[in-house]
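Derivation of every value follows stated rules applied to the coordinates shown; laboratory data play no part. Note that the coordinates shown come from a computational prediction; the quantities given were computed from them, not determined experimentally. Cβ atoms come from the backbone with ideal geometry, glycine included; neighbour counts cover every protein chain shown.
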Amino acid sequence: MFLSIFDIFKIGIGPSSSHTMGPMSAAARFLDDLRTGREREPGAGEVAAVTCSLHGSLAFTGKGHATDRAVILGLAGCLPHTLDPDAAETLEAEIRARGVVTPDGLPELRFRPDEDLVFDYDLTLPGHANGMILRAFDGSGHLALEETYYSIGGGFVMTAAEIERRDRGGADQLRAEKTAEGFPFPFGSAAEMLAMGRASGKTIAEMKWENEATLMPRAELREKVVAIADAMRGCLHRGLEQTGELPGGLKVKRRARAIHDQLKAEAGRNIAQPHVVNDWLSVYAMAVNEENAAGGRVVTAPTNGAAGVVPAVLKYYETHCVGATADGALDFLMVAAAIGGLIKHNASISGAEVGCQGEVGSAAAMAAAGLCAALGGTNAQVENAAEIALEHHLGMTCDPVGGLVQVPCIERNGLGAIKAVSAASLALRGDGTHFMPLDNCIEAMRQTGIDMSERYKETSRGGLAVNLPEC
């Protein structure tokens, strides 16, 4: 099994990796198929129009997560990692006004969002809770191409056929196993990771660097990891500078800048309580998630809804920890990505599949492992740190109020960062031996997600989402 660090950490836009980045990427894939003429219906003429229907969680919380905007921009040819958030609003307004999209390499296509983009609350598609169907028609109204896509979390997208092959353990699984043979340390579980570390005498970070280096030269790899770190820092710093209300109608105010100003003032007067470090961690995470909620540029870590935890703990390492180094920060991200890959491979990072335990829980495990490694922890201590952090998020529901990644998501990232640091510190106090292996904890999360009611898995039909203040 091999998932690259660039699969786990992807630069994109807010507010959601599964509800914004995924649908935008699916629309882009659909355009590519139209350009190549893949599997066109026999007898269909030149494509003249496109439609989209959203299902399951994409329908229930799509408005709050800007899924409609993502599809509109995706059908216009935009991609999450290159989209200018400042230009997106103007482009969306133009498409809504004209009722057409003009993607490169295709004729002008009729697409009237108010009519051709349907939120279907009745039909949940069988492959995943986040489903969508894209259709293209010729000038006579005949179907030219239809494809079902699933946004499976973290910005990953699969077609219905790909989901079916994955679940059968067919061609995709065989291809993944063959691909893994090309990497020096293809661990698919924490147990394998620890065993390979013992056999090679290498740290988890060293093994992950060697795996990644099979894909590109070392200098290029380092440059790209630095770019991920810089994007995280940039998002955090923007969040600490902004004020005002977040979009969406809940009238949630940005708080990160005001809290950050208070913390800086207290530090200058040397009056802070010892536990104020928790406030620093929280404000770092809140800054990122406020930017995400506003639709800004963000890095999936491993999702947008949980994007604040890893950057917050990375900032904590760089700013507050004794002996922090630039190389340590990069090792932090490598180890965090290794743990995120294990969780995604063996369970899920999707709130629509397993609840917020798969998002903030996974992020906390990743951050705890990364910090423990950067602070000199052994492989066993790193695995222990990840397990502690994940264990204490088990059962956490995904219940965004109004379908917006604001309440409770922004504060939840702050608490996830605090738990991550506590888990790393606790693991470093031991020798790495512990009762519950990380693999078992990941499996417990998977089973808990299966048993969890759909109301608590990003549908906004349970929990805090339906227990609102009366006003």
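When you filter the GluC sites (Glu not before Pro) in the range 222-326 for DSSP loop state and at most 14 other Cβ atoms inside 10 Å of their Cβ, you are left with Glu241.
For Lys457, a cut-off of 21 angstrom between C-alpha atoms picks up these lysines, skipping any fewer than 8 places away in its own chain: Lys63, Lys344. With helices as the sole contributors, the chain gives -16000 deg cm²/dmol at 222 nm; each DSSP H run of n ≥ 4 counts as -39500 (n - 2.57), and the sum is divided by every residue.
Just flag the GluC sites (Glu not before Pro) in the range 70-117 sitting in loop per DSSP whose Cβ has no more than 14 other Cβ atoms within 10 Å.
Glu108
State the percent of C-alpha pairs, over all pairs in the range 16-157, separated by a distance greater than 19 angstrom. Everything past 19 Å amounts to 46 percent.
Each DSSP beta bridge with both residues in the chain is either parallel or antiparallel, and the antiparallel ones are about 80%. If the cut-off is 21 Å between C-alpha atoms, which lysines fall inside it for Lys224, apart from same-chain ones fewer than 8 positions away? Once the sequence-local lysines are set aside, what remains near Lys224 is Lys10, Lys208, Lys315. At the listed q of 0.07 Å⁻¹, the Debye profile of the range 184-466, built from one uniform point per Cα, gives log10 I(q)/I(0) equal to -0.24. Of the trypsin sites (Lys or Arg not before Pro) in the range 207-259, the ones in a loop by DSSP (not H, G, I, E or B) with at most 10 other beta carbons within 10 Å are Lys251. Applied to the range 260-275, the Karplus parametrisation 6.51 cos²θ - 1.76 cosθ + 1.60 on θ = phi - 60° returns per-residue 3J(HN,Hα) values of 4, 4, 4, 5, 5, 5, 5, 4, x, 9, 6, 10, 6, 6, x, 6 Hz, with x for Gly and Pro. Rounded to the nearest whole Hz, the Karplus-based 3J(HN,Hα) values (6.51 cos²θ - 1.76 cosθ + 1.60, θ = phi - 60°) of the range 370-379 follow the sequence x, 5, 4, 5, 5, 8, x, x, 6, 4, with x at glycine and proline.
With everything on Cα atoms, drop me the angle between helix 22-36 and the longest principal axis of the chain, reported from 0 to 90° to the nearest 10. Roughly 50 degrees, rounded to the nearest 10.
Among Ser4, Ser57, sorting on how many other beta-carbon atoms sit within 10 Å of each Cβ, with the fewest leading, yields Ser4, Ser57.
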